[in-house]
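One structure is given below, encoded as structure tokens.
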Amino acid sequence: MTETKYTSLFGTRLRQARQMAGFSLRELSDRIGGAVSHNALAKYERGEMMPDGTLLIALSEALNQPPGFFFRPTEPAIQGVKYRAKHDTLGVKQFQTLEIKAQDYFERYLSIESILGLKHPFHNPLGKLRIESPQDAETAAEKLRDAWNLGRQPIGNLMEMLELNGIKVCEVDAPPEFDGFSGWIGSTPIVVIGKHLNDQCLTRKRHTTIHELGHVLLKDRLAPGLDEEKIVARFAGSFILPAESCRQAFGGFRETLSLKELISIKVTWGISLGSLMMRAKQQELITPALSRRFWDRYKAENWKAKEPGDDDYRGCERSQRFRQLVFRAVAEQQVTRSKAASLLNVTLVEIRKGDDLLS
């Protein structure tokens, strides 16, 4: 790499690290004790200058990044972003910070795959399927389950399932107004989820995960006039609880339901009560009167904040694939422990804990 490219790469990485930390140029200058001015830092970010070793170490400490971070090759920026958040409460700068955090994570993830020779092109399992109506979203969900050999049974860990099928998933620290977003980094589909969803019932996290998957897989497939948000919501509900399984769970058409019965279905399938009753309505399994009574109670008792049965669902929604690949590379001596720490963004002490080799 030429000196000009190194300078440009350093500038890109410096800006990325500063934005992830949430610092302005002036704030970063203060963090390094005024070693250089904010104007000088702007020149570094524009790729006009390179820091000496002393300044590089100071920047690394202030931004909580290893020195090697600033010279790590970059991947294409995330494209085709679709957000699941309240846009009127989150500003452009906050969205930008979330994207940069995700970009950093996926670059580290793709780096270990490259080291291990695991890169494979992603092919959309839905083929040439077009979405002309909400019912087609059901068809897409069933086709995806068939392509991934998932049958029609409950799926325990949706995040791990996505990763095993070529979709990269990242959890980021984010404001409570943010749920998730999806997009592409190069030819790799990505889904990003707010970590705060772990502190709520996991059924919301599960729905958000598949909702974002819907944006990825159904992109550019919708007929004109269709509401994409409604279509991907239908897709998510259909994927988590397929139509035939829904009919079996309800036992056919119902005029009455008990709350305990609904909670039992919720816990079995990992689906919220709200989504469950939407599925029942879509499959014409409940009367309009029963649907109204449910939603009246849902609003009156503020179940949107916390549903009955939330504490009963004990599913796991987390992927360990990235971490597992890094420790595999350490065991096979394809990366050093220091490199592993850098990839996982943890200390070397954490890498060394309990990593005795078995032979």
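Worth pointing out:
- The criterion of being basic (Lys, Arg) and either farther than 18 Å from Lys82 by Cα or touching a helix residue (DSSP H, G or I) at 6+ places or on another chain (Cβ under 6 Å) (or both) holds for Arg206.
- Evaluating Thr12 against the criteria (1) crowded, with 18+ Cβ neighbours inside 10 Å; (2) assigned to a helix (DSSP H, G or I); (3) at pLDDT below 90 leaves one unmet condition, (1).
- The sole residue among Leu325, Leu290 that is closer than 27 Å to Glu160 by Cβ, assigned to a helix (DSSP H, G or I), at pLDDT 95 or above and not acidic (Asp, Glu) is Leu325.
- Those residues of region 166-196 which are free of Cβ contacts under 8 Å to residues at least 24 places away in the same chain and surrounded by fewer than 16 Cβ atoms within 10 Å (Cβ to Cβ), in sequence order: Pro176
- Within region 119-131, the only residue that satisfies the criterion of being surrounded by fewer than 11 Cβ atoms within 10 Å (Cβ to Cβ) and either basic (Lys, Arg) or modelled with pLDDT of 95 or more (or both) is Lys128.
- Residue satisfying all of: in region 73-95; among the aliphatic types (A, V, I, L, M) and closer than 11 Å to Gly186 by Cβ; modelled with the highest pLDDT among these: Ile78
- Yes/no for Val169 being assigned by TED's automatic domain parsing to the domain that holds Ile265, among the aliphatic types (A, V, I, L, M) and assigned to a strand (DSSP E or B): yes
- Among all residues of region 217-226, there is none that is on the phi < 0 side of the Ramachandran plot, over 24 Å from the mean Cα position of the chain (by Cα), outside any loop (DSSP other than H, G, I, E, B) and buried (at least 17 other Cβ atoms within 10 Å of the Cβ).
- Every residue from region 106-163 that is under 23 Å from Ser272 (Cα atoms) and assigned to a loop (DSSP other than H, G, I, E, B): Leu150, Gly151, Arg152, Gln153, Pro154, Ile155, Gly156, Asn157
The values are calculated or read from the model by the stated rules, or taken from the named source; none is laboratory data. Just so you know, these numbers come straight off a predicted model, no measurement behind them. Reconstructed Cβ throughout: ideal geometry from the backbone, glycine too, with neighbour counts over all protein chains shown.
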